[in-house]
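Colleague: Below you will find the structure I want to go over with you.
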Amino acid sequence: MAGRPRLAIGTYGSIQTIELARGRFRALTRFRDWDGQTRQVAATGESRNAAITALKLDLQERVRHAGTTGSLTPDSKFADLADAWLDDLRLDVDRAETTKETYERQLRGIVLPFFADFAVREITVGRIERYLKQQRQRSFSMAKHSKTSLSMVLAFGVRQGLLERNPVKETSQLKKPKRVPKALGAVSVDAGVYGENAPAGGGPPGMRGDSSWLPLLPARPGAAATVAIRKVDDAGVVRLGVLILSSPRCWLRRFP
C-alpha cells in the first residue's frame, strides 16, 4: 500500500482544529520547511475560524521565507543580513580579493553605523533617501559608495526572499557635481618648473627645471601632463621637455 505522498517544500497539509477550553481553539497542520524537515505548526484563537485564520497567516509567512538563508526573516536585523551577504561575497570566485575587502570596508564604515539596528523590513525607500542625502552633504563620493553597498546587500535580501523589491532602486538619482577646471597661475607654473629656485618675478632663462611636483597633478594615461622649460638661449630658441604619463605608476620622459 502506497504511503502518504510527501509534501513539497513550502507547502502544508490539511488543517485540524481542537477545542482546548470553552472559547479557546487550536488549529494545527504539518508544514514542509525550507530545510526539508516537516514540522507541526499551530495557532490558537477564540473560535475555530479565528484559530484557522491565525494559522494560515503564520503559514503564509513560512511559505514566503521558504528557501531563505538560515534563520533570516524580514524581522532580522540589517546587520545580520549584511553578515550573510559578506559570507556569500567571500564565496564569489569572480571578484578579486581586494574588491571584496573594499566592499566590506565601505559597508562597515559608512552603511552599518546608520542601519545596523533596523530590521530588514524597516529599510524603506524614505529612510534610504534621507540617509543618502545626509551622505551627499558630506561628499558625492561617499553617497555613491553608500548607495552601491546598500543596494548590493538589499539585492541579496531580495534573492533570499526577505524583500519583495530592492528599495534602493526607488531612490533619487545622485547628481554628480559639476567640476570647475582650475588653471595654474604664473606663480604656480614657475614654482613647478623652477622648483625652490623660482624667483617671485618669474624664472630667468636657462634655469634648470624641477618636475618633482608633477605626480601631484591629476593626469590620464597617455596624456601630456606638463611642459617644462629646460633651456632658453639668447637667440630666443626654446627647447621643450615633455613628461607623459603612460600608466598610473610609470612616468616617461620624452625629449624632442
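Colleague: Of S151, S139, S76, how do they rank once you tally other Cβ atoms within 10 Å and put the fewest first?
Modeller: Arranged by neighbour count, lowest to highest, S151, S139, S76 become S139, S151, S76.
Colleague: Can you give me the distance in nm between label points at S151 and F118, each placed 7 Å from the Cα along the Cα-to-Cβ direction?
Modeller: 1.6
Colleague: On to the next question. FRET efficiency for Q40 and K178, Cβ-Cβ distance as r, R0 = 45 Å, nearest 0.05?
Modeller: 0.10
Colleague: For the stretch 40-119, what is Rg from Cα atoms divided by 2.2 N^0.38 Å, rounded to two decimals?
Modeller: Cα Rg divided by the expected 2.2 N^0.38 Å: 1.60.
Colleague: Give me the one-decimal Kirkwood hydrodynamic radius in Å for the stretch 78-170, with the sum taken over alpha-carbon pairs.
Modeller: With all distinct Cα pairs of the stretch 78-170 included, I get 13.4 Å.
Colleague: So, with +1 on the Cβ of K and R and -1 on the Cβ of D and E, and no other charges, what is the size of the charge dipole of the stretch 16-65 about its Cα centre, to the nearest 20 debye?
Modeller: The dipole magnitude comes to about 120 debye.
Colleague: What FRET efficiency do you get for E101 and E164 if R0 is 35 Å and r is their Cβ-Cβ distance, rounded to the nearest 0.05?
Modeller: The pair E101/E164 has a calculated efficiency of 0.65.
Coordinate-derived values only; no laboratory data. If you're wondering where the values come from, they're calculated on a predicted model, not measured in any experiment. Cβ atoms come from the backbone with ideal geometry, glycine included; neighbour counts cover every protein chain shown.
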